[in-house]
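*Asks:* Structure provided below as structure tokens; questions to follow.
The values are calculated or read from the model by the stated rules, or taken from the named source; none is laboratory data. This is a predicted model, so every value here is computed, not measured. Neighbour counts are summed over all protein chains in view; Cβ atoms, including those assigned to glycine, are modelled from backbone coordinates with ideal geometry.
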Amino acid sequence: MSRSRRAARWLQPGLVVKRWVLTSGLGLLVALLGAAVWADLQPIYWMISSIQWLLAQVTGVLPRKITGPLVLLVGAVLIWLGQSRSFGSIQQALAPEKDTLLVDALLAQRRLNRGPSIVAIGGGTGLSTLLSGLKRYSSNLTAIVTVADDGGSSGVLRRELGVQPPGDIRNCLAALAREEPLLTRLFQYRFKAGSGLEGHSFGNLFLSALTAITGNLESAITASSRVLAVQGQVVPATTADVRLWAELENGDRIEGESKIGRAASPIVRLGCTPERPPALPRALEAIAHADLIVLGPGSLYTSLLPNLLVPELVEAIRRSKAPRLYICNLMTQPGETDGLDVEGHLRAIEAQLASLGVEERLFTAVLAQEDFGDSLLVDHYRHQGAEPVACDARQLRRQGYDVTLAPLQGARPTATLRHDPRSVALAVMRYFRKHQRGN
């Protein structure tokens, strides 16, 4: 792009730069005038006299036809130099990448600031995948994250340090980070050796240490968000030390999130200890001001439904006037959702809400994967005990659901069947815009 076209882009509306540059210039003139009036206008007389004397000296050496353009050129060069250096300094702060223009960075940031307020509820890799896609469309994002994990690094830190599990929160912070990729990679780095360190991620240790220093996980998340320049906010679903339990179809009862994901019989009821854990005020406030509420994607019984065990969150969702969208998984999960189609997932969500006394449907809109068709990758998953989550869109629409089918795994061939951040975020934004047009 040529320099002239680049300069012309600064004149387009919406940058909120021109008005403040002009305001600053006007303010300087008014301040000088005020100082002159305060000094009984003597500085103005001195200035005019000085300018007249200087012009007389200059025009005595060179004629006006040469002096005028020359002085004008010098002034223009000084203005250009000052402005270019100023914008260069701002660009280093806002758009350090060499191939990113400051005007593009300002336009992009303004577009993000005007984006819808979206509340995403869930946990695991599904929620972080969604967030990494949605941050391309809005900076007004709130992730409400389950804190029921008791396996892996999070489980060890929870048992040994008595902190809430930081793993899912760490993933969401990294997904929303605007800081340098190196810092985000450091936050996600997992130690592969070392007595006591192996298996832990740096971010989990960092959050656990900050929790001990600040006194609570919420303050630790706020501090981490500043370090990573997080776009939006990450909020735990509750501050309580939640332990999940599940009753199975065969009558057994199992405890612990890690065991529920490997249940030997279908799950019929999910609960937690303590019962009715409290929600954080920030989470309730975000839901109250949301333009869109999204549940999922993620493991049904270990990432999504634990958030619906917090009655205050459920009540806030029920009161919200925002559209509510459920994003279904691509594949069933052995030991957790065997044999469940999209309708089965919705029935599980509605049964969970009914246990809290909520009889109405909170999530009447569904985003699901369109038919995969036959492929070697699908066959590979079938050998591992997973099946594509079937969606009978016609049947669900007859039941009053607003169903959207989309290629959520992305267009490019991959080695796994997972949600693609860009594809799922695009489908979510299309649903939101369609809902806006409908209203």
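*Asks:* Return the residues of segment 332-343 that are buried (at least 21 other Cβ atoms within 10 Å of the Cβ) and under 23 Å from Arg430 (Cβ atoms); say none if nothing qualifies.
*Replies:* Within segment 332-343, Val342 is the sole residue that qualifies.
*Asks:* Looking at segment 287-300, which of the residues that are in contact with a Pro (Cβ under 9 Å, 6 or more places away or on another chain) and surrounded by 23 or more Cβ atoms within 10 Å (Cβ to Cβ) is nearest to Leu244 (Cα to Cα)?
*Replies:* So, considering only residues that are in contact with a Pro (Cβ under 9 Å, 6 or more places away or on another chain) and surrounded by 23 or more Cβ atoms within 10 Å (Cβ to Cβ), the one nearest to Leu244 (Cα to Cα) is Ile293.
*Asks:* Please count how many residues of segment 384-439 are more than 19 Å from Asp371 (Cβ to Cβ), in contact with a helix residue (DSSP H, G or I) (Cβ under 6 Å, 6 or more places away or on another chain) and surrounded by 19 or more Cβ atoms within 10 Å (Cβ to Cβ).
*Replies:* Final tally of qualifying residues: 2.
*Asks:* Related question: Could you please give the count of residues in segment 155-176 that are out of contact with any Ser or Thr (no Cβ under 9 Å at 6 or more places or on another chain) and either assigned to a loop (DSSP other than H, G, I, E, B) or under 25 Å from Ala229 (Cβ atoms) (or both)?
*Replies:* Count: 1.
*Asks:* Of Ala427, Ala411, which residue is assigned to a loop (DSSP other than H, G, I, E, B) and either aliphatic (A, V, I, L, M) or not assigned by TED's automatic domain parsing to the domain that holds Gly298 (or both)?
*Replies:* One residue alone meets the criteria, Ala411.
*Asks:* Quickly run through segment 194-206 and pick out the residues that are touching a residue at least 40 places away in the same chain (Cβ under 8 Å), out of contact with any Pro (no Cβ under 8 Å at 6 or more places or on another chain) and buried (at least 19 other Cβ atoms within 10 Å of the Cβ).
*Replies:* His200, Ser201 - these are the residues of segment 194-206 that are touching a residue at least 40 places away in the same chain (Cβ under 8 Å), out of contact with any Pro (no Cβ under 8 Å at 6 or more places or on another chain) and buried (at least 19 other Cβ atoms within 10 Å of the Cβ).
*Asks:* Need the failing condition index for Ile327 against (1) at pLDDT 95 or above; (2) touching a Lys or Arg at 6+ places or on another chain (Cβ under 9 Å); (3) under 27 Å from Arg276 (Cβ atoms), just the number.
*Replies:* Evaluating Ile327 over (1) at pLDDT 95 or above; (2) touching a Lys or Arg at 6+ places or on another chain (Cβ under 9 Å); (3) under 27 Å from Arg276 (Cβ atoms) leaves (2) as the failure.
*Asks:* Could you list all residues from segment 247-277 that are within 18 Å of Ile349 (Cβ to Cβ), within 32 Å of the chain's Cα centre (by Cα) and not small (Gly, Ala, Ser)?
*Replies:* Residues satisfying the conditions are Glu257, Ile260, Ile267, Arg269, Leu270, Cys272.
*Asks:* Hey, among the residues in segment 258-286 that are hydroxyl-bearing (Ser, Thr, Tyr) and touching a strand residue (DSSP E or B) at 6+ places or on another chain (Cβ under 7 Å), which one's surrounded by the most Cβ atoms within 10 Å (Cβ to Cβ)?
*Replies:* Looking at the filtered set, the residue picked out is Ser265.
*Asks:* Then there's this: Under 6 Å between Cβ atoms, at least 6 apart or on separate chains: pull out the pairs that start in segment 182-193 with a residue that is under 15 Å from Gly167 (Cα atoms) and end on any residue that is assigned to a strand (DSSP E or B) and hydrophobic (A, V, I, L, M, F, W, C).
*Replies:* Taking only residues 6 or more apart or on different chains, the pairs are Thr184/Ala177.
Residue-by-condition table, conditions (1) surrounded by fewer than 17 Cβ atoms within 10 Å (Cβ to Cβ); (2) of a type in the set (Phe, Trp, Tyr); (3) farther than 30 Å from Ile254 by Cβ:
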site	(1), (2), (3)
Gln109	yes, no, yes
Ile118	no, no, yes
Gly123	no, no, no
Ser139	no, no, yes
Thr146	no, no, no
Asp150	no, no, no
Ser153	no, no, no
Leu157	no, no, no
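*Asks:* Tell me yes or no: at least one residue of segment 169-178 is outside the structural domain of Thr302 (by TED's automatic domain parsing), over 21 Å from Ala279 (Cβ atoms) and modelled with pLDDT under 90.
*Replies:* yes
*Asks:* What are the pairs, 6+ residues apart or on separate chains, where a residue within segment 207-229 that is touching a residue at least 24 places away in the same chain (Cβ under 8 Å) has its Cβ under 8 Å from a residue that is of a type in the set (D, E, K, R) and part of a helix (DSSP H, G or I)?
*Replies:* Leu207/Arg170; Glu218/Arg282
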